[in-house]
Amino acid sequence: VELPLALPVIIAGIRTAAVEVIASATIAYLIGIGGLGYFIFAGLPLSRYDLLLVGAIPVAILAFTAELLLSAVQRSFHYQ
């Protein structure tokens with residue numbers, strides 16, 4: 001297998017992994033590590049949707065930004 005032929009699959013895996021890492025950092029709050037999920041999990045039991053959104057909006061922006069940047073990287077490669 002040549003690297004140029006495998007590059008689309010490798011970059012697609014990196015894109016998927018980047019979004020999964022952001023999701024895992026959000027859930028890490030549940031095991032006491034802290035992280036991005038503090039406001040989400042603090043707002044849920046209290047029905048404080050303002051707290052929930054303070055946590056959810058940055059997480060969504062991070063995931064969307066990572067996806068956009070890595071898709072731009074993927075498009076910058078010319079496969080043959």
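What is the Rg over Rh value, at two decimals, for the chain, using alpha-carbon atoms and the Kirkwood definition of Rh?
Numbers: Rg = 16.7 Å, Rh = 14.2 Å.
Result for the chain is an Rg/Rh of 1.17.
Give me the extension gain from L53 to A72: residue separation times 0.36 nm, minus the current Cα-Cα distance, reported in nm with one decimal. Show your work: numbers first, answer last.
On the way: separation 19, 0.36 × 19 = 6.84 nm, distance 2.78 nm.
Contour length minus Cα-Cα distance gives 4.1 nm.
When only Cα pairs under 8 Å and 6 or more residues apart are kept, what is the percent relative contact order across the chain?
Numbers: 70 pairs, mean separation 26.7, N = 80.
Relative contact order, the chain: 33 percent.
No value in this document is a laboratory result; all are computed from the given coordinates. These numbers were taken from a predicted model, which means no experiment stands behind them.
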